[in-house]
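The next block holds one structure in the form of structure tokens; read it before the comments.
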Amino acid sequence: MKDVQPSRGPAMKSISEIIAYANRSFSNARGSHDWEHTQRVCNLCMVIGKAEGADLEVLQIAAYLHDVGRPYQDDSKGDVCHAEKGAEMATVLMEEYPISEDRKENIIHCILSHRFRGDRRPKTPEAKILFDADKLDAIGAVGIARAFLFAGEVGAKLHNPAINPEDTLPYTEDDTGYREFKLKLSKIKDRMLTAEGSRIAHERHAFMERFFERFLAEYEGTR
Ligand SMILES: [Fe+2]
Ligand SMILES: [Fe+2]
């Protein structure tokens, strides 16, 4: 297992150094949780951030760094929380970054609260936007594609119409894209924290409904 102590490394002084660092931290990541996810989350943050009038610099840095602790969580089989680890890493990385202390604090808060657990609720507009963008990447057309990619990683079948998804187990051949939709993705639209995030979530949800309605019909050969 990798070292799980706070990482000491060169302090970052520009956004390009932060992007390069974040990119490197995903060199061994799996397909459904990779650097491209971070880039999509960052793009969504910029779109929602503009609509919501947020601090875009804080949001961009937080988005690039939000999952840098992920390899530590994977290596520890879940013992290390990637949001806590990422916040620790970002605190060190931001030491010499030319931005005010309260904006640094906001960045750390965004990273820590993007994995909403217990009372670790996103409190600032930027933290709410990062939370929404991260969840939005799990739904819609990209969400469906990620769900089937993940199903492939765990060796799941394309579909199993004989079993109710509620009665199946994760990480088995029944951990299908449709199971992911029924048990998890279909509930995300009601968890959004910003108005623009909610609008995009409802649109993406409607597309998933249409997709799986057709998927099930094609599977049965009725369309
Ligand atoms: Fe995350
Ligand atoms: Fe993420």
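Could you calculate, for the chain, the ratio of the Cα radius of gyration to the Kirkwood radius, expressed as Rg to Rh?
On the way: Rg = 18.5 Å, Rh = 18.4 Å.
For the chain, the value is 1.00.
Helix 140-153: angle to the longest alpha-carbon principal axis of the chain, degrees 0 to 90, nearest 10?
Taking Cα atoms only, the helix is inclined about 80 degrees.
Could you tell me whether the stretch 13-120 comes out rounded, prolate or oblate from its Cα gyration tensor? Rule is a ≥ b ≥ c as square roots of the eigenvalues, rounded for a/c under 1.5, then prolate if a/b exceeds b/c, otherwise oblate.
rounded
Taking the Cα centre of the stretch 138-223 as origin, sum charge times position over the Cβ atoms of Lys and Arg (+1) and Asp and Glu (-1), and report the length of that vector in debye to the nearest 20.
That gives the stretch 138-223 a dipole magnitude of about 320 debye.
Any idea what angle helix 82-93 forms with the longest principal axis of the chain, computed on alpha-carbon atoms, 0 to 90 degrees, nearest 10?
30
On a 0 to 90° scale, report how tilted helix 195-220 is relative to the longest principal axis of the chain, with both axes built from alpha carbons and the result rounded to the nearest 10.
Taking Cα atoms only, the helix is inclined about 30 degrees.
Ordered by residue, what ³J(HN,Hα) values in Hz, to whole numbers, does the stretch 102-119 give under the Karplus form 6.51 cos²θ - 1.76 cosθ + 1.60, where θ = phi - 60° and Gly and Pro are x?
6, 6, 4, 4, 5, 4, 5, 4, 4, 5, 5, 8, 5, 9, 5, 9, x, 9
Taking DSSP loops as anything outside H, G, I, E and B, show the longest stretch in the chain free of GluC sites (Glu not before Pro) there with at most 15 other beta carbons within 10 Å.
The longest uninterrupted stretch comes out as 1-94.
Fewest Cβ neighbours within 10 Å first, please rank H66, H114, H37 accordingly. Don't jump to the answer; show the numbers that get you there.
Working: H66 31, H114 26, H37 21.
With the fewest neighbours first, H66, H114, H37 line up as H37, H114, H66.
Quick note: the coordinates plus some simple rules give every number you see, no bench work behind them. Quick caveat, the model's predicted, so the values are computed rather than measured. With ideal geometry, Cβ positions are generated from the backbone for all residues, glycine too; neighbour counts draw on all protein chains shown.
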